[in-house]
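Encoded as structure tokens, the structure appears first; notes follow it.
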Amino acid sequence: MCTNFYIRTKKNEMVIGRTLEFALDVDSDIFFRKPGYRYSQDIRKILNQIQTELQLSDKQLENFQINAETPDAEQLYSWEGKYGFVAMGSLGQSFATNGLNTQGLTTGTMTLAQSEYQPFVADKNSKTLLYPCLTNWILSNCSTCQDVIDALDVRREDICLSKESTLSTVMADNGEDKLRVSNPFTGALPPGFHFHMPIQDKLGHSIVLEYTHGRLTITDLMPIGVLTNDPVIGWQQENVINNYMNITPINIQSLNPNAFWLNNNFACETVAQGSGFTGLPGSSAPVDRFVRASMMTNFAFQTDDTVEATNLAFHILNTVDIPDGTSREHINSESGNGADRTLWATVSDLTHQIYSIRMYGSPQVFKIDLKKLDLEALNDVRYRLPVREHQSIDVTNNIMSQVTISKEPQPESV
């Protein structure tokens, strides 16, 4: 499970908040990619590395099998990246579960269990991406949402843009060079490993790629700007717009005493704050998180700049955070009482290319400024955040230093 949303500042700058929830510890760390990196899609080699790294049991291995239709890496699409990026990896591999590139574009993978990708077509293997590699391709090749729309194999009628959007569908249905996206795994793959992909750029565009029934649908996330998980985005957007018109940031007022004719027996009174959000769903289910994030981003006061917006984003991320143990399977299930929890949260400042991360094990935020990174030197480096070492900021000595200063002899006045 995951939550994704945007915040726009008064300067029209974009900040993107994102969480990753999973019952499995996917061993997240940070990896870096330079411009000009050569990408291939040797999924069989990668799967062997995952099996070795995680020491998967025979039962677990049954869930990660390559289907017979998957071509060898030499037959599949390969490319040279235009842009560098920083990303959260998982399972010891350099698949971007969430990342930010040097052009101010962000994307990642979020569970959509009902995903069904485009089938393999023999004469189009050289233009086929395996879906686990899609986010790496987007981050390394695209600077805008329009770049993504223009490059992928999608029908014009399957591109759903808002009335205010400046994105174009002109390139849809145009040419044989469009990239298809296919699933290399068998049907035994757990539903949590099927994804849709949100994409946001610093121009203010926000879209999601959803593969269902073997076709790609590209949907504008604006004006709501939120994404969670199942069901598909169209249903989620209709639900929040049509069913929650009662939610307001204005506190509910006590009834005017003069309106006695409305009451048979008594009048309700309140002095509570936050009563306008009464009825806001509070569970960790995707539909509830979608509504909650939508209302929080819709009604929060607009910030002056991206520093304030980043702070606001982490506050809103707190409202969809899942503590370990609060969203668990039945004790007799195959997962053995496994519990989803928020493994990490990120905030991407698209204007200034600043990537902020908070891990489950610490409330501290770690910041990476892409503009200051030497991506050539860092290429393929994996970095694990020092979470245990940074649980809190100890200001005890700072406080005591103030006492020492106050005890120093003060010069007598003349």
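Filtering segment 114-126 to residues that are in contact with a Lys or Arg (Cβ under 7 Å, 6 or more places away or on another chain) and within 25 Å of residue 229 (Cα to Cα) leaves only 118.
Out of 146, 118, 114, one residue alone is modelled with pLDDT of 95 or more, buried (at least 17 other Cβ atoms within 10 Å of the Cβ) and over 13 Å from residue 199 (Cβ atoms). It is 118. Residues in segment 166-194 that are surrounded by 15 or more Cβ atoms within 10 Å (Cβ to Cβ) and either acidic (Asp, Glu) or touching a His at 6+ places or on another chain (Cβ under 7 Å) (or both): 167 only.
If you go through segment 387-404 and keep only what is touching a Pro at 6+ places or on another chain (Cβ under 8 Å) and among the acidic types (Asp, Glu), you end up with nothing.
Does residue 64 satisfy being more than 11 Å from residue 136 (Cα to Cα) and under 25 Å from the mean Cα position of the chain (by Cα)? Give the derivation first.
Details: more than 11 Å from residue 136 (Cα to Cα): yes; under 25 Å from the mean Cα position of the chain (by Cα): yes.
Against the criterion (more than 11 Å from residue 136 (Cα to Cα) and under 25 Å from the mean Cα position of the chain (by Cα)), residue 64 qualifies.
Only one of the numbered conditions (1) surrounded by 15 or more Cβ atoms within 10 Å (Cβ to Cβ); (2) more than 28 Å from residue 166 (Cα to Cα); (3) hydroxyl-bearing (Ser, Thr, Tyr); (4) modelled with pLDDT of 95 or more is violated by residue 319, and that is (1). Exactly one residue among 129, 167, 139, 134 is in a strand (DSSP E or B) and closer than 21 Å to residue 227 by Cβ, and that residue is 129.
So is residue 163 out of contact with any Phe, Trp or Tyr (no Cβ under 9 Å at 6 or more places or on another chain), surrounded by fewer than 21 Cβ atoms within 10 Å (Cβ to Cβ) and under 19 Å from residue 120 (Cα atoms) or not? Break it down into steps so the answer makes sense when it comes.
Values: out of contact with any Phe, Trp or Tyr (no Cβ under 9 Å at 6 or more places or on another chain): yes; surrounded by fewer than 21 Cβ atoms within 10 Å (Cβ to Cβ): yes; under 19 Å from residue 120 (Cα atoms): no.
Against the criterion (out of contact with any Phe, Trp or Tyr (no Cβ under 9 Å at 6 or more places or on another chain), surrounded by fewer than 21 Cβ atoms within 10 Å (Cβ to Cβ) and under 19 Å from residue 120 (Cα atoms)), residue 163 does not qualify.
The residue pairs whose first member lies in segment 349-375 and is free of Cβ contacts under 8 Å to residues at least 40 places away in the same chain, whose second member is of a type in the set (Asp, Glu) and assigned to a loop (DSSP other than H, G, I, E, B), and whose beta carbons are closer than 7 Å, counting only pairs six or more residues apart or on different chains, do not exist in this structure.
The values are calculated or read from the model by the stated rules, or taken from the named source; none is laboratory data. Owing to the predicted nature of the structure, the values given are computational and were not obtained by experimental measurement. So basically every Cβ, Gly included, is an ideal-geometry build from the backbone, and we count neighbours across all protein chains shown.
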